[in-house]
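Can you read through this structure? Questions will come right after.
Every read-out reported here was derived from the displayed coordinates using simple, explicitly stated rules and does not represent laboratory data. Note that the coordinates shown come from a computational prediction; the quantities given were computed from them, not determined experimentally. Cβ: placed from backbone, ideal geometry, glycine included. Neighbour counts: every protein chain shown.
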Amino acid sequence: MKSDFTIAVHSLVYLAYLPDHMASSDVIARSVCTNSARIRKIMSDLRNHGFVKTKEGVGGGYLLDRDPQEVTLADIYRIVSKGTLKPNWCTGDPEDKCLVSSKTQVVMDQIFHDAEEYLEKYYEKMTIQMVLRKIKQCESD
């Protein structure tokens, strides 16, 4: 899986942590430990789906545009990472006479499809607010 999912969740949790405060891509990038161009790309996807608002120019940045209690990790996964469990490389050769070589790819495709469905169901149970709550609990540990 690509790291875009983790970056998107981190960014939204950061915005939920600072409600009603604009955060620039540079500020978010420092929190995430990545470059601001990568943040802008991911935040653009989130903006296009209505999860963040943007303001350009001096004092601009990103603001969470949804209730963090209603944004599920499944919502974010579907935007930035859907289909990434399956590797780009496929094993075997569908044209080969060998049963294992010719059918492993088909079976693995179904396994990855099923795994992604289970993962999405798991992510449906978690919200951005829940992730923030877990992070705050780490402070008291």
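Using a 10 Å cut-off on Cβ atoms, rank the peptides 87-98, 111-122, 21-32 from the highest mean neighbour count down.
21-32, 111-122, 87-98
Hey, another quick one. Using a Förster distance of 22 angstrom, determine the FRET efficiency expected from the C-beta separation of residue 137 and residue 20, and round it to 0.05.
Result of the calculation: an efficiency of 0.40.
May I ask you to evaluate 6.51 cos²θ - 1.76 cosθ + 1.60, the Karplus curve with θ = phi - 60°, for each residue of the stretch 8-14 and list the ³J(HN,Hα) values in order in whole Hz, giving x for glycine and proline?
In residue order, the calculated couplings are 5, 4, 4, 4, 5, 5, 4 Hz.
Separate question: Classify the stretch 1-81 from the C-alpha gyration tensor, please: rounded if a/c falls under 1.5, else prolate or oblate depending on whether a/b exceeds b/c.
Taking the square roots of the gyration eigenvalues as a ≥ b ≥ c, the stretch 1-81 is oblate.
Placing +1 at every Lys and Arg Cβ and -1 at every Asp and Glu Cβ, with all other atoms neutral, what dipole size does the chain have around its Cα centre, in debye to the nearest 20?
With Lys and Arg at +1 and Asp and Glu at -1, about 340 debye.
Right, something else. Rounded, prolate or oblate: which fits the stretch 55-129, taking a ≥ b ≥ c as square roots of the Cα gyration tensor eigenvalues, rounded meaning a/c under 1.5, else prolate when a/b beats b/c?
Oblate is the answer for the stretch 55-129, as a/c is 1.5 or above yet b/c matches or exceeds a/b.
Hey, if you put +1 on the Cβ of every Lys and Arg and -1 on every Asp and Glu Cβ in the stretch 10-141, which of 50, 122, 108 ends up farthest toward the positive end of that dipole?
So the residue we want is 50.
In nanometres, what is the gap between the two model label sites at residue 100 and residue 125, each 7 Å from Cα along Cα-to-Cβ?
3.6
If packing is taken as the mean number of other Cβ atoms within 10 Å per residue, what is the order of 131-140, 99-108, highest first?
99-108, 131-140
Mind jotting down the distance between the C-alpha centroids of the stretch 102-121 and the stretch 1-72, whole Å?
First find each Cα centre; the distance between them is then 31 Å.
Let me ask you something else. Per DSSP helix of 4 or more residues, -39500 (n - 2.57); summed, then divided by the residues of the chain. What does that give at 222 nm, rounded to the nearest 500?
-18500 deg cm²/dmol
With 21 Å as the limit, write out which pairs from 82/121; 55/134; 41/125; 41/82; 86/121 have Cα-Cα distances beyond it, or answer none.
The pairs that break the limit, which is 21 Å between Cα atoms, are 55/134; 41/125.
For an R0 of 35 angstrom, estimate the FRET efficiency from the Cβ-Cβ distance between residue 65 and residue 112 and round to the nearest 0.05.
Here the calculated transfer efficiency is 0.60.
Rounded, prolate or oblate: pick one for the stretch 38-82, where a ≥ b ≥ c are the square roots of the eigenvalues of its C-alpha gyration tensor, a/c under 1.5 means rounded, and failing that, prolate if a/b is larger than b/c, else oblate.
Taking the square roots of the gyration eigenvalues as a ≥ b ≥ c, the stretch 38-82 is oblate.
Using only the alpha-carbon atoms, what does the chain span along each of its principal axes? Please give whole angstrom values in decreasing order.
Per principal axis, max minus min of the Cα coordinates gives 63, 34, 27 Å.
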